[in-house]
Amino acid sequence: MPPTALLISLILVSFSVSLNNGSFTGNLAQIIGISVSFLILLVYLIKKPDTDKSDPQPAVEFACIATIVLFALIPGGWWIYNRKIIDYIQIFSSLLLLPTVYLILKKQLSEKFLKLAFVFFLLSAAFLRILMLIGSPHPAIDVFIILREAPLKLLAGINPYNTFYTYVFPTIIPDYYAYWPASFILELPFILIFNDPRILLILADLASALLLFIMGGKNRTSLLLSLIYLFMPLSLGIIEASWLTPLDFLLICLIAFSVYKLKNSLLAGLLLGILTSVQFFFAALFIYLIRVLNWNKKFVFSFILTVSVFTLPYLFLDPASFWKETVEVYFRNPPHPSLLIHTSLNLNTLFFNFTRFDLPSFLVYGLLAAIFLLTLLKKESANNFILRFTLFLFSVFVLGRQGFVNYFYLVSSLIILQLAVSLHPDHYPQIP
């Protein structure tokens, strides 16, 4: 099956989460589109490697144009009340279609021109993100508030997991911090200098695009893939709300870079430790990587040490609060009041819409276990940990209780990373 399937999956999920501000308000087409995207990815993994040698370039070109058009139509900016800012964002992003079309029509481009083009689009993406920050300096969402205030609580000697934050939603007590300690530790210098957690996320976005360009071979295809990432629909909205998705994705890109390019297992373990110390469920990636790296001791040691350094102080300080706010909240039934699970874009919401009941837990966990084993044990492409992890993560979001816009935005980003790796002209060698 050619990489075109990955691009179709990418466009489907990107378009589906862009409707209705990325939440379910009765439009079943959103959930159906996401579910079809998941099935395409599942078939892509199950199907044996194809001998199709067709040029993927036309599909990448189409996906790039479609993405920028959607970006211009649905830029995000949910808390921007000045309509002129939205107009400026849409006008400027629409104008980016002109140089993009030139890149597509001009088949022969020098390496120097490609690098200059990448810098141009990178600066354009940075400009649009800064413009969004100017238009939305104080978004009314709890994620922005807690990410901005948690580092300051830390400096004041207050445990971020046992304190109150500024009220955002009148009916919800702001006494929770759902991320692991690396999140507010990494944010600390950006809060002190800019008082805005989104600066780190913007830098992470730009750095991820650079890694996609490099890992894809610094060619025309990798340039287009980096553009798809930079101008995915709602990418401005993801940063505006302060969701940590761009930071998570950057760390995954760095892990892939350390494994495929640097072949440095110690660095890979360190980076995965940081990622897990931002959001604990990324520890699932350890299971895929440890199999690929043949239980490399350096990888295991650096991963465990890094997670321990970040988390143990808070676990010992107040284990009950730490567990309750960062782990239990994802499994609680009902979940935290701030998690409106029936606005999720997943099959549980679809089932609830017709029956007024949630999907049976035994069915959900049974399917997740089956998909996990499939992604872990399938022999073909054993080194392809990005696709395997992406599919498992996708299954958790589609089948579980929580599947919000930022979750599926991460899936879209991971599909782009998989494309950058698989479409590298020389291919990446087998991992020893």
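Residues that are part of a helix (DSSP H, G or I), within 19 Å of the chain's Cα centre (by Cα) and within 21 Å of Ile252 (Cα to Cα) do occur in region 320-331, at least one of them. Residues in region 381-414 that are modelled with pLDDT under 95, farther than 25 Å from Gly76 by Cβ and among the small types (Gly, Ala, Ser) were compared, and the one that is surrounded by the fewest Cβ atoms within 10 Å (Cβ to Cβ) is Ser381. Within region 21-47, restricting attention to residues that are under 17 Å from Leu393 (Cβ atoms) and polar (S, T, N, Q), the residue that is surrounded by the most Cβ atoms within 10 Å (Cβ to Cβ) is Ser37.
Condition check: of a type in the set (A, V, I, L, M, F, W, C), farther than 19 Å from Ser412 by Cα and at pLDDT 95 or above. Does Leu271 satisfy that? Spelling it out, Leu271 is indeed of a type in the set (A, V, I, L, M, F, W, C), farther than 19 Å from Ser412 by Cα and at pLDDT 95 or above.
Within region 161-180, being of a type in the set (A, V, I, L, M, F, W, C), more than 24 Å from Leu271 (Cβ to Cβ) and either in contact (Cβ under 8 Å) with a residue 12 or more places away in the chain or not in a loop (DSSP other than H, G, I, E, B) (or both) holds for Val168, Phe169, Ile172. Identification of helices (runs of 4 or more DSSP H) wholly contained in region 208-300 with 2 or more residues that are under 17 Å from the mean Cα position of the chain (by Cα) and surrounded by 24 or more Cβ atoms within 10 Å (Cβ to Cβ) yields 220-230, 235-240, 245-260, 265-276. Just one of the listed residues (Ser265, Ser183) is over 24 Å from Ser124 (Cα atoms), free of Cβ contacts under 8 Å to residues at least 60 places away in the same chain and either in contact with a helix residue (DSSP H, G or I) (Cβ under 6 Å, 6 or more places away or on another chain) or not hydrophobic (A, V, I, L, M, F, W, C) (or both), and it is Ser265. Scanning region 63-89 for residues that are polar (S, T, N, Q) and part of a loop (DSSP other than H, G, I, E, B) turns up just one, Asn82. Could you tell me whether any residue of region 137-154 is free of Cβ contacts under 8 Å to residues at least 12 places away in the same chain, of a type outside the set (D, E, K, R) and either more than 18 Å from Arg198 (Cα to Cα) or in contact with a strand residue (DSSP E or B) (Cβ under 9 Å, 6 or more places away or on another chain) (or both)? Checked region 137-154: no residue is free of Cβ contacts under 8 Å to residues at least 12 places away in the same chain, of a type outside the set (D, E, K, R) and either more than 18 Å from Arg198 (Cα to Cα) or in contact with a strand residue (DSSP E or B) (Cβ under 9 Å, 6 or more places away or on another chain) (or both). Scanning region 29-48 for residues that are free of Cβ contacts under 8 Å to residues at least 60 places away in the same chain and not in a helix (DSSP H, G or I) turns up just one, Lys47. Looking only at region 349-367, residues that are more than 18 Å from Asn27 (Cα to Cα) and part of a helix (DSSP H, G or I) come to 7 in all.
Taking residues in region 110-124 that are under 13 Å from Leu227 (Cα atoms), and partners anywhere that are of a type in the set (Lys, Arg) and part of a helix (DSSP H, G or I), the pairs with Cβ atoms closer than 9 Å and at least 6 places apart or on different chains are Leu114/Arg220. So, Leu223, is that one touching a residue at least 24 places away in the same chain (Cβ under 8 Å) and under 30 Å from Thr100 (Cβ atoms) or not? Yes: the conditions hold for Leu223.
Across region 62-87, the number of residues qualifying as hydroxyl-bearing (Ser, Thr, Tyr) and buried (at least 18 other Cβ atoms within 10 Å of the Cβ) comes to 1. One residue alone among Ala59, Ala125 is modelled with pLDDT of 95 or more and either in contact with a Gly (Cβ under 9 Å, 6 or more places away or on another chain) or crowded, with 19+ Cβ neighbours inside 10 Å (or both), and that residue is Ala125.
The values are calculated or read from the model by the stated rules, or taken from the named source; none is laboratory data. The structure displayed is predicted, hence computed values, not measured ones. Counting neighbours? That spans all protein chains shown, and the Cβs are built from the backbone with ideal geometry, glycine included.
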